[in-house]
Each structure stands twice: as C-alpha cells, then as structure tokens.
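Participant: The structure follows.
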Number of protein chains: 2
Amino acid sequence: MKEFSLAIVGATGAVGEQLLKCIDERKIPFKSLKLLASARSAGKVINFQGKDYTVEETTEESFRDVDVALFAGGPASVAFGRKAAEGGTVVIDNSSTYRYEDDVPLVVPEVNPQDLEWHHNLIANPNCSTILLVTALYPLHKHNKVKRVVVSSYQACSGAGKEGMEELIEQSKQVLNGEEIEPKAFKYQIAFNVLPQIDKFVEDDYTKEEMKFVWETHKIMDKEVGVTPVAAVRVPVIRSHCEAVYAEFENKMTVEEARQYLGEASWVKLQDDPANFVYPMPITSSDTDFTYVGRIRPDIVNEKALNMWISFDQIRKGAATNAVQILEELIKRDLLFKNR
Amino acid sequence: MKEFSLAIVGATGAVGEQLLKCIDERKIPFKSLKLLASARSAGKVINFQGKDYTVEETTEESFRDVDVALFAGGPASVAFGRKAAEGGTVVIDNSSTYRYEDDVPLVVPEVNPQDLEWHHNLIANPNCSTILLVTALYPLHKHNKVKRVVVSSYQACSGAGKEGMEELIEQSKQVLNGEEIEPKAFKYQIAFNVLPQIDKFVEDDYTKEEMKFVWETHKIMDKEVGVTPVAAVRVPVIRSHCEAVYAEFENKMTVEEARQYLGEASWVKLQDDPANFVYPMPITSSDTDFTYVGRIRPDIVNEKALNMWISFDQIRKGAATNAVQILEELIKRDLLFKNR
C-alpha cells in the first residue's frame, strides 16, 4: 500500500475528534498528519498517538502537500472541498455540499463500495440518518428488494456537533434549575422537548434532512425505492440516532428470514428479544460502530412488509467511521490514487 | 340537568389532579364530591374550590352513594370499575381494562359521541396516543376516508403517571451529575435516551401500546382503516405526546384542503407555517386542551397520501379532559342516567 499524507479538516469538532479516534483504532497508515480547523481553533495542540500536533487554519494552501483529506463537514467543505480535490487531494467529505453532484460517489462501504471505482478525487460521506437506514435495509434488500420505506427518526443532538451536545446538557441543567434558557444550536428548547425540524425547509415543506432520506437512499442503494420520510425529528439524546422503519418488499419476507439475513451482516447487531426486553436504544448503541436492529415484526396490514426499530452512534458510523471505512476501501481496492 | 354525586378515583395521581382541574375549569356541576385513592394516599387533604376534601380509600362500598365516578386508571379500574357500574354508578374509566369489551363504548366526544347512546353505565376513555391520532385525522376522514395510517410516536413520561415525570426529572439530574441511576417507572434509563417499548409485549411482538392504535382507531373512528404502528416510543419529555403520521385517503386530498378541514375543527390548532418555524412541539402544546397539527405535506410516493406531525398534552386531552368531556356530553344528551 502506498504511503500518504493525511489531513483532518475540522479536527477540533465532534466528528473531527472521532475521525482521529477511528484512524487510531483502525490503524490507518499515514506518513504525515495535518490537523486543520477554522481560525478560531488554530493554534490548539492535540496529542495523537503520542505526538503533539498544532492545529492550523484551513486555507487553499493547506492541501498542497496533502494526499488524502477527511473533511468533518461545515463551511470548510464548501470553501475548500472541491478545490482540494481539483488540486489532486483525495477528499472524503462529510458535509451535504457535494452529495448530490453527478461526479461525486456517495458511499456506504457495506452497500455500494463499487461506486468508489468512478471517483474523481471527491467522495461524499452520506447523511447519518441515511447510513443508519441503508445499513439496516441493505442486508434484506440484497435478498428481496425493498420497494417502499416509511421512516420517522429520533435524532441525537450530536447531529448539530459539539455545540448541539453541549446545548442539550447545559440547557437541561438550566431547565431543571428553573433558569431562563437561550437556544443557540437549535431553533427552540431541546431539553425535555422534541423538534420536528432538522436542517432548513426545501421543496413541498419537507426539511432538507427529510429529503436526504429520499435522495441518498436512491443514490446509494436503489433509485426505485419509494421513500417516505414522515418526520426527521431532533430528540434530547446525546449521540445516537434511532429510526422507526416500515419496509415493504417485492416478495413476502418473514421475520425469521429478516433475522437470518441481518444476522449474516457483519456490521449489524441484532437486538431483537422482546421477551427479555432486548431492543436497540441510544444508551446501548452509543460509542460503537454497529447498526443495531430490533423490534422486527410482520406488518399488520401489508403481508409483504415488516416494521423494525434501528439505532447507531451518529458520530461514529453516522459520520467518522463511515468516512474512514471509505478510505480503507479505497486503499484495499487500490483506488486511492487512480486519478494520478 | 340532574344534579349528581361525583367521585374521582385515583384523585392524587397526575390524571386525578388534572381531572379536578378540568372539573373546575369546565364548571362541571355536582352536588357532592368524593375523592378516592389507594390506602397509601387515604387521609390526604385536598383543597378544591375552597373546600377541604379528605381522600378516602377506594372500596366496593365507596360507590354506594356515587352517581358518577371518573376513574383515573390503574389497579382500581380493574378492581372496582365494572362492579361500580353494575351497582348503578356511571363509570368513565381511563384505564385500558374495559376498552375492548363489546358492551363498553370507547369515546372521543369529537369523533364518536353517538356511541354514548348505548352505554351500560361503563364508558371507556381511549388511550392517549389514539386520542391524539383520531382527533387529528377525523376532521379529514369526515370529508375523505382515511384508508391507511402509518404512525410512530414520541410519548412523554407523563404516560407513566407522576412517577414517570418525577423519574425523568430526578434521573436527568443524576445523569448530569454523573451519579448512578436506578430505573423504576421505566425498564431502562429514560433521561437522554428513548425507549422503543411502552406497555407489555402482546401478539407478533407488538407492544400493547402499539396495538392500541389499531384496536382503538377501529373502535372509535372506522374499522376499515389499515393502521400500522411502526413504533410507540417513550422520549424524555415531561407531558406532551407527538406523532409522525402518514395518512392515505380514499381520494386525493391536497394540503390546502387538509388545512381547511383541520381549521374548521374547533379542537384543532393548526401550527403549520414552516417559513416562520411554526410547527407543533411538546413545549407549546403542554397544558392546553388542543390537538396541534402541522408539517402537513403531500407524500412523495403516493399522491393520495399526506404526512403530518401532531402533538397534544397527554394528561389533559390525552386523559382527563377527554373523560370530563364524555361526562359533559352525557349531560348534554341527557344520557347520564338513561339506564335508571
């Protein structure tokens, strides 16, 4: 495997920190590492694998000597993502900026690794909610096509970064103490509340977060799936997302078959033992890399449909782990520098 | 209107307290009032409308001189509900004990008041989640039949009574302080978590709470509606439920029509102005008697379907208010003592 210089853009945020953890855990080889962030965080020193790194401000020049850059997301993706890729850096970007562009593969390595073959140095990491949905559905879809999905989400505050998680914690304390609160990371109070809006409103009064389910499931898994995002909802949970999923298949799929197919997927942990109160929950899925699936039941109305409940860690598999897995897959398939 | 002696059974719980508030707010006439509860709460003194009432332990004898009894729910419903009705007391019961029995009307006054005509002294108050769903759907169903509903819920801790609300608050403090927690009202930690189980598991690994959506929507609104309860989920919210609803109609229904029909329903407050970030939320629906409806959008896949987001106060319209409205309706229709 070629050695490469690596940069993390947005290294001081929640996803950036997790990117570093994943690179360490998964023993990603690199010959040099550069930590980039906004001017506000420049100068911070981060110790990684026993070595101190000083965070530098991201500029166009930052990427000159960088072979691979993992962008955590945020304004830096818009400002520097495509430019860095055009300059020859392989960019894996966690923002939504480039996801829907025709020349950018949108990849969940367990589902569509083959899309890496046509990358042009810029690869998009999907939205957390879509990664959760497709990693749970794809093991079933492989055997019996998913025709229709109706999904509602229960999304953690980590989706709004460190600020989101900190706001939940600080605001919860304030509400419990009867103090005034002042929402910043979220439009309204998130402590002891749920918010039926994530990201801005787009067409037909859907939120962009809701439409990501549609656009991204089509691009990653199958453009024929009819996806209904009933609601993408922020809940007062720190870092794990959940989704309630109705899935209709081409042919009847029994609960037993679904459990078997999901059990065969190395990235899925079945937690489906209602008699013993075993089902996915944020407190048990947090800080792991698995997609947890449970509460699998035959639908009451449509005999070709199942209902299920799924959960995973939003910062890990929902963002950082998936990005690092894309890098691993590029290395494994020798596609990292295919455009050189 | 006949005067009647009134009893509240479970007067010291969350629903019992709210029943008293509703009786006061709605100026329900009664010639005498008896407050009943379990032995543990007997002896407590509650001041109501300027008068002190001593809470008595509920026994079979308690109902001898009681014309109307409002049961807040819990074990007293099982032990005394039907017996009191057989003894001549008109019982309005908030528990699930009698809801599915053929001789017991299950009533949401805005939807099926006509079912009060055949009561046999025992009338059931529906489950909170169903009341929310049918009060939002019925204004549409009247004009254009709902054929299919796919619903996921975001249910407040008040559904588990005072203990549930107190556990959320106390446990949140403990988690924030890094202390050990010990779940009691809920199976697992509810602070900063969501639980995909409410009530026990019944057929096909659905929870009873999920099946209530099916059984009760059929009994109250229309037995032809295909109801899929994808998940009934407890969220760390104090007292207002929310639901994400996909609803398919017999004929196409536009968003404009839906808004018009919902706007004509006196019990509905439309909160549907995404441009100004107006949509239903627990913090705004709490401690009101309205059903809030918003985020109304055409479905992406099925042109006869709409998606929406609804919320209401679980203790008020989800329990106490609905029960008191049943009493009002019985009085208005002169059906209170029809079996005498």
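Participant: List, please: which pairs have Cβ atoms under 8 Å, are six or more places apart or on different chains, and start with a residue in segment A:206-223 that is within 18 Å of B:Trp309 (Cα to Cα) and end with one that is in a helix (DSSP H, G or I)?
Facilitator: Close Cβ pairs satisfying both conditions: A:Glu209/A:Ser129; A:Met211/A:Glu203; A:Phe213/A:Ser129; A:Phe213/A:Thr130; A:Phe213/A:Leu133.
Participant: Given the conditions (1) under 29 Å from A:Ile300 (Cα atoms); (2) free of Cβ contacts under 8 Å to residues at least 60 places away in the same chain; (3) facing chain A (nearest Cβ under 9 Å); (4) polar (S, T, N, Q), which single one is not true for B:Thr254?
Facilitator: Every condition holds for B:Thr254 apart from (3).
Participant: Within segment A:85-96, can you find the residues that are part of a loop (DSSP other than H, G, I, E, B) and out of contact with any Lys or Arg (no Cβ under 8 Å at 6 or more places or on another chain)?
Facilitator: A:Thr89, A:Asn94, A:Ser95
Participant: Regarding segment A:58-79, can at least one residue be identified that is in contact with a Lys or Arg (Cβ under 7 Å, 6 or more places away or on another chain) and of a type in the set (D, E, K, R)?
Facilitator: Yes, there is a match, as at least one residue in segment A:58-79 is in contact with a Lys or Arg (Cβ under 7 Å, 6 or more places away or on another chain) and of a type in the set (D, E, K, R).
Participant: So B:Gly88 ticks every box in (1) small (Gly, Ala, Ser); (2) more than 18 Å from the chain's Cα centre (by Cα); (3) within 14 Å of chain A (Cβ to nearest Cβ) but one. Which box is left unticked?
Facilitator: (3)
Participant: Related question: Out of B:Cys242, B:Cys157, report the one residue that is among the hydrophobic types (A, V, I, L, M, F, W, C) and at the interface with chain A (Cβ under 7 Å from one of its Cβ atoms).
Facilitator: Working: B:Cys157 fails: at the interface with chain A (Cβ under 7 Å from one of its Cβ atoms).
The match here is B:Cys242.
Participant: Tell me the residue from A:Gly88, A:Gly81 that is at positive phi and modelled with pLDDT of 95 or more, please.
Facilitator: A:Gly88
Participant: Now for a different question. Which of the residues that make up segment B:234-261 are among the hydrophobic types (A, V, I, L, M, F, W, C), surrounded by fewer than 24 Cβ atoms within 10 Å (Cβ to Cβ) and assigned to a strand (DSSP E or B)?
Facilitator: B:Phe249
Participant: Quick test for you: out of B:Pro298, B:Pro280, pick the one residue that is at pLDDT 95 or above, surrounded by 24 or more Cβ atoms within 10 Å (Cβ to Cβ), farther than 20 Å from B:Arg26 by Cβ and not hydrophobic (A, V, I, L, M, F, W, C).
Facilitator: Being at pLDDT 95 or above, surrounded by 24 or more Cβ atoms within 10 Å (Cβ to Cβ), farther than 20 Å from B:Arg26 by Cβ and not hydrophobic (A, V, I, L, M, F, W, C) holds for just one of B:Pro298, B:Pro280, which is B:Pro280.
Participant: Output yes when any residue across segment A:288-298 is more than 24 Å from B:Ser153 (Cβ to Cβ), assigned to a strand (DSSP E or B), in contact (Cβ under 8 Å) with a residue 24 or more places away in the chain and not basic (Lys, Arg), and no when none is.
Facilitator: No, every residue in segment A:288-298 fails to be more than 24 Å from B:Ser153 (Cβ to Cβ), assigned to a strand (DSSP E or B), in contact (Cβ under 8 Å) with a residue 24 or more places away in the chain and not basic (Lys, Arg).
Participant: Can you report the number of residues in segment A:171-202 which are charged (D, E, K, R) and either more than 10 Å from every other protein chain (Cβ to nearest Cβ) or surrounded by 17 or more Cβ atoms within 10 Å (Cβ to Cβ) (or both)?
Facilitator: The number of residues fulfilling the criteria is 5.
Participant: I've got another one for you. Looking at B:Arg82, B:Arg148, which one is out of contact with any Pro (no Cβ under 9 Å at 6 or more places or on another chain), open to solvent by 10 Å² or more (accessible area, probe 1.4 Å) and assigned to a strand (DSSP E or B)?
Facilitator: Being out of contact with any Pro (no Cβ under 9 Å at 6 or more places or on another chain), open to solvent by 10 Å² or more (accessible area, probe 1.4 Å) and assigned to a strand (DSSP E or B) holds for just one of B:Arg82, B:Arg148, which is B:Arg148.
Participant: Looking at B:Glu216, B:Glu248, B:Glu243, B:Glu209, which one is acidic (Asp, Glu) and under 20 Å from A:Ala156 (Cα atoms)?
Facilitator: Every option except B:Glu243 fails the conditions.
The values are calculated or read from the model by the stated rules, or taken from the named source; none is laboratory data. If you're wondering where the values come from, they're calculated on a predicted model, not measured in any experiment. Because the Cβ atoms are built from the backbone with ideal geometry, glycine has one as well, and the counts that use them run over all protein chains shown. For accessibility, only protein heavy atoms count, side chains too; no ligands or nucleic acids. Shrake-Rupley method; radii C 1.70, N 1.55, O 1.52, S 1.80 Å.
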